[in-house]
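Heads up: the structure comes next, in structure tokens.
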């Protein structure tokens, strides 16, 4: 692949969600990551703003009855507690826009070779229920929409968020066009795991060396057995040793090496790669943004052959 200006997909709506004080979800991280990218050299022509997904598009992945309950706020309180957000029109519009952003990211990756979404990775949303801050599964929606246009594609969803991609696994359990792979914390949410096509559960306190060895083995297996036409990469940073919800012992350098390894694999084998930033929950926002920024640094290094320094 030739050198490219890596497309960045972002909407100001990502950080525009009114949440209760001290809510666990770090809603400001999206805006701050965009600011980080601009400060460190992102150019105007790299930015792409998504359109919100339609409810009709969402219904190709999710149960229409569930979507109707979301729209009408007719779910019971326990269902909303499982999701973790209070209902609002703002939440629904933000969710549709983020899902549209992941779809745009996959479309740009197929034409440009790579694209990065400054949101996405809502992998705990199942066909007819949501969980863990996830209402709609943007990863699954993007796959299904792309497969409508390109039905013969082989897609790998490579999920490296510390939490298993259970919703994605259940949504594609009967569709062999999408290979779901989750590298996650063994004793972490969700505590009742689904079955991905390939699950790599890691024990608490896994180190950089152990993690990166597992990742290399996984990529070798994907190349040998699947030979995908597209990789949808969930680059969650809740694997970081300083993330309060992670329980792994992965350093900042380890996160950078993980992203460098995945992006380098995709470029080396000429596989289009669409990345979403996924989870990350530490309350120290500058430190959280720095962790997410390792994906941007890796993309510059792999696809432009320039080093993006942290400054």
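The values are calculated or read from the model by the stated rules, or taken from the named source; none is laboratory data. Keep in mind the model is a prediction, meaning the values are calculated, not measured. Please note: Cβ atoms are built from the backbone with ideal geometry, for glycine as well, and neighbour counts cover all protein chains shown.
Values computed for the structure shown
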read-out: Within the range 126-169, tally of residues that are touching a strand residue (DSSP E or B) at 6+ places or on another chain (Cβ under 9 Å) and in a helix (DSSP H, G or I); value: 12
read-out: Number of the condition not met by residue 65 [criteria: (1) surrounded by 15 or more Cβ atoms within 10 Å (Cβ to Cβ); (2) out of contact with any helix residue (DSSP H, G or I) (no Cβ under 9 Å at 6 or more places or on another chain)]; value: (1)
read-out: Candidates 253, 194, 266 - the one that is more than 18 Å from residue 6 (Cβ to Cβ), part of a helix (DSSP H, G or I) and modelled with pLDDT of 95 or more; value: 253
read-out: Contacts under 8 angstrom Cβ, first residue in the range 4-21 being free of Cβ contacts under 8 Å to residues at least 24 places away in the same chain, partner assigned to a loop (DSSP other than H, G, I, E, B) and surrounded by 14 or more Cβ atoms within 10 Å (Cβ to Cβ), 6 or more apart; value: 15/27; 15/28
read-out: Within the range 151-169, tally of residues that are touching a helix residue (DSSP H, G or I) at 6+ places or on another chain (Cβ under 9 Å) and in contact (Cβ under 8 Å) with a residue 60 or more places away in the chain; value: 8
read-out: Subset of the range 228-238 [within 16 Å of residue 257 (Cβ to Cβ) and either in a helix (DSSP H, G or I) or in contact with a helix residue (DSSP H, G or I) (Cβ under 7 Å, 6 or more places away or on another chain) (or both)]; value: 233, 235, 237
read-out: Selection within the range 288-308 - in contact with a helix residue (DSSP H, G or I) (Cβ under 9 Å, 6 or more places away or on another chain), assigned to a helix (DSSP H, G or I) and farther than 23 Å from residue 97 by Cα; value: 290, 291, 294, 297, 298, 299, 301, 302, 303
read-out: Selected residue (criterion: modelled with the lowest pLDDT) from residues of the range 35-49 that are surrounded by 13 or more Cβ atoms within 10 Å (Cβ to Cβ) and under 22 Å from residue 102 (Cβ atoms); value: 42
read-out: Within the range 170-191, tally of residues that are farther than 25 Å from residue 255 by Cα and either touching a helix residue (DSSP H, G or I) at 6+ places or on another chain (Cβ under 8 Å) or assigned to a loop (DSSP other than H, G, I, E, B) (or both); value: 8
read-out: Residues of the range 174-191 satisfying the condition of being at pLDDT 95 or above and buried (at least 19 other Cβ atoms within 10 Å of the Cβ); value: 178, 179, 180, 181, 182, 183, 184, 185
read-out: Count of residues meeting criterion [more than 20 Å from residue 40 (Cα to Cα) and modelled with pLDDT of 95 or more] in the range 2-14; value: 2
read-out: Residues being buried (at least 19 other Cβ atoms within 10 Å of the Cβ) and over 18 Å from residue 90 (Cα atoms) - total across the range 1-34; value: 6
read-out: Total residues in the range 197-227, condition out of contact with any strand residue (DSSP E or B) (no Cβ under 9 Å at 6 or more places or on another chain), free of Cβ contacts under 8 Å to residues at least 40 places away in the same chain and either part of a loop (DSSP other than H, G, I, E, B) or farther than 23 Å from residue 256 by Cα (or both); value: 1
read-out: Candidate set: the range 272-286, residues that are surrounded by 24 or more Cβ atoms within 10 Å (Cβ to Cβ) and within 13 Å of residue 245 (Cβ to Cβ); chosen: the one farthest from the chain's Cα centre (by Cα); value: 280
